[in-house]
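Here's the structure we're looking at; comments come further down.
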Number of protein chains: 2
Amino acid sequence: MNEFDVIKHFFQCRESIRSDVIVGSGDDCALLKIPEGNVLAVSTDTLISDVHFPADWDGYDTASKALACALSDLAAMAAQPAWFVCALTLPDINLHWLQDFANGLFDFAKPFELDLVGGDLTCGKSLSITITVHGFVPPTLALRRDAAKVGETVYVSGKLGAPSFAKYRHIPYPQINLGLALRGKSYCAIDISDGLAADLSHILKASHVGAHIDLASLPIIKELNNNYEIALTGGDDYQLCFTAPPGLVIDGHDVTSIGTIESELGLRLYAPDGALVELKKKGYQHF
Amino acid sequence: MNEFDVIKHFFQCRESIRSDVIVGSGDDCALLKIPEGNVLAVSTDTLISDVHFPADWDGYDTASKALACALSDLAAMAAQPAWFVCALTLPDINLHWLQDFANGLFDFAKPFELDLVGGDLTCGKSLSITITVHGFVPPTLALRRDAAKVGETVYVSGKLGAPSFAKYRHIPYPQINLGLALRGKSYCAIDISDGLAADLSHILKASHVGAHIDLASLPIIKELNNNYEIALTGGDDYQLCFTAPPGLVIDGHDVTSIGTIESELGLRLYAPDGALVELKKKGYQHF
């Protein structure tokens, strides 16, 4: 099989599941229709073998994780997922791996009503996947990093630490439904990819504010025995951290208030005994 | 410099040049506004060191070629360029190369009014660049691969063979202005990346038609001494091949009629003496 056969056999064989795809895979560009009153949300993410996932993962899990990470960025903007393109670099053509990869990609995409609309297949020394994901959101309802306000509460969804506990044999679940449920209730969010401390710091810098966090309130998986250092810096959680007025409840979602936005710049972490805590490590660093 | 410093220093330091960028680099997603009456055009392309460009190229040329290849896909749809995201995988942080790369990226993008609105920076064994480019076009004016009609003339822009002659030390110029000038005059085009024979065959298959091509009429650079085999299969030309009624003239653009769309399927190449020519090689193959 050459490049074109592979693309046709594994990636262009599925019917489009969306009516807003005017031209999908197989032309020079995809042509896509954004619903009125919405703007396009775009994010791109690369996953590299042995950096972001173990080289011995099968194609199915690899595709799932790549798509999960990309979708998480849409969740963090309260965007409705719609389309993605996938640039795949392979050291060789392994038909079994490719079939698994394609199955993983389409299976993971389907419940999010996400359509594959294009891609690129190249030959390179190591396996890598770059997914560019597209969604849409009414512009005034998007969750931005620069919108945290003094006096708001800081919330985190789900539990922290599962990926650190599982090392990186873990496929995150993107918080798309929570992102959509936050429309009109929150205006500021980030997804936790590099660790809560690092990612919340991005919000604080972009919003020119600070935060007071109570470590006792962090929702940590019980296997970590309250090791907040790992929960704060482990990364790969792909939960959402967001700000909103105190007392927020989102039906059907597990969200925990962990602190308060303050005018004094910087991130201040308080132990249960009231002591200010310094982290040894700030979060995941790629270089 | 860590990942975030590099992104901030080299890629987020420039002012946006477009008013339709609501949120650019630095948030989870970019938020972008498509003008009314238009649809989004999206394409993604990966370039790998020592596959698509020589490893000893400087950052400036590398960035220029990556963006040129991506833009060429917008040209082939008659789309107006607007925004791009860039996923960069580097074996290490070389500040000099990065400065060159960033300069190349912004310099090449500027005349096309193309804005960098996001990206990803990862560490991997070999240098690779995946650019996803976004533009827009009124849907009825887009140039598609599946729209060739029997009786139309086949045209090619510019001259073929320059990249093959220069080996791969060549930065193509994307035919954006020609694509825009073709709106309403042609409805079917492709950009020539894998060689005219292979790329025209994509049009023929998608449109369920065939073509008769007169090799004597091919616009070949004179350095190739009428070597039509190289001109047809060399690839990397990034000129446009399109179909339209006979006698088309596009002011300010060099386009050559090279043959005719026919109902009999397949690509038929005729030598000046009237003999049917078989190509030894069909075009660039990645695997």
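Summary table below
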| quantity | calculated |
| --- | --- |
| Some residue of the stretch B:185-199 being farther than 30 Å from residue B:9 by Cα, aromatic (Phe, Trp, Tyr) and within 14 Å of chain A (Cβ to nearest Cβ) | yes |
| Which listed residue, of B:163, B:174, is under 14 Å from the mean Cα position of the chain (by Cα) and more than 13 Å from every other protein chain (Cβ to nearest Cβ) | B:163 |
| Test result for residue B:84, open to solvent by less than 10 Å² (accessible area, probe 1.4 Å) and either part of a loop (DSSP other than H, G, I, E, B) or away from chain A (no Cβ under 14 Å) (or both) | no |
| Residue among A:122, A:89 that is touching a strand residue (DSSP E or B) at 6+ places or on another chain (Cβ under 9 Å), polar (S, T, N, Q), buried (at least 23 other Cβ atoms within 10 Å of the Cβ) and farther than 23 Å from residue A:185 by Cβ | A:89 |
| Test: residue in the stretch A:32-44 that is closer than 21 Å to residue A:163 by Cβ and assigned to a loop (DSSP other than H, G, I, E, B) | no |
| Those residues of the stretch B:219-229 which are open to solvent by less than 30 Å² (accessible area, probe 1.4 Å), modelled with pLDDT of 90 or more and more than 29 Å from residue B:141 (Cα to Cα), in sequence order | B:220, B:221 |
| Residues located in the stretch A:125-163, provided they are on the phi > 0 side of the Ramachandran plot and surrounded by 18 or more Cβ atoms within 10 Å (Cβ to Cβ) | A:158, A:161 |
| Verdict on residue A:68 being at pLDDT 95 or above and in a helix (DSSP H, G or I) | yes |
| Counted residues, the stretch A:230-265 - those being at pLDDT below 95, outside any loop (DSSP other than H, G, I, E, B), touching a strand residue (DSSP E or B) at 6+ places or on another chain (Cβ under 9 Å) and of a type outside the set (A, V, I, L, M, F, W, C) | 0 |
| Number of positions in the stretch B:27-62 that are closer than 24 Å to residue A:91 by Cα, within 7 Å of another protein chain (Cβ to nearest Cβ) and aliphatic (A, V, I, L, M) | 2 |
| Residue within the stretch A:4-20 that is facing chain B (nearest Cβ under 7 Å) and touching a residue at least 40 places away in the same chain (Cβ under 8 Å) present | no |
| Candidates A:252, A:195, A:179 - the one that is loosely packed, with under 15 Cβ neighbours inside 10 Å, under 30 Å from residue A:66 (Cβ atoms) and of a type outside the set (S, T, N, Q) | A:252 |
| Residue check, residue B:78 surrounded by 23 or more Cβ atoms within 10 Å (Cβ to Cβ), of a type in the set (A, V, I, L, M, F, W, C) and touching a helix residue (DSSP H, G or I) at 6+ places or on another chain (Cβ under 6 Å) | yes |
| Test for residue A:216: is it surrounded by fewer than 19 Cβ atoms within 10 Å (Cβ to Cβ) and outside any strand (DSSP E or B) | yes |
| Any pair with Cβ under 7 angstrom, 6 or more apart, that starts in the stretch A:267-283 at a residue that is at pLDDT 90 or above and ends at one that is part of a loop (DSSP other than H, G, I, E, B) | A:277/A:271 |
| Whichever residue in the stretch B:1-31 is outside any loop (DSSP other than H, G, I, E, B) and among the charged types (D, E, K, R) and, among such residues, is most open to solvent (accessible area, probe 1.4 Å) | B:8 |
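The values are calculated or read from the model by the stated rules, or taken from the named source; none is laboratory data. On a predicted model such as this, the values are computed, not experimentally measured, just so you know. Heads up, the Cβs are rebuilt from the backbone with ideal geometry, glycines too, and the neighbour counts pull from every protein chain shown. These accessible areas exclude ligands, DNA and RNA; they are computed on the full protein's heavy atoms, side chains included. Shrake-Rupley method; radii C 1.70, N 1.55, O 1.52, S 1.80 Å.
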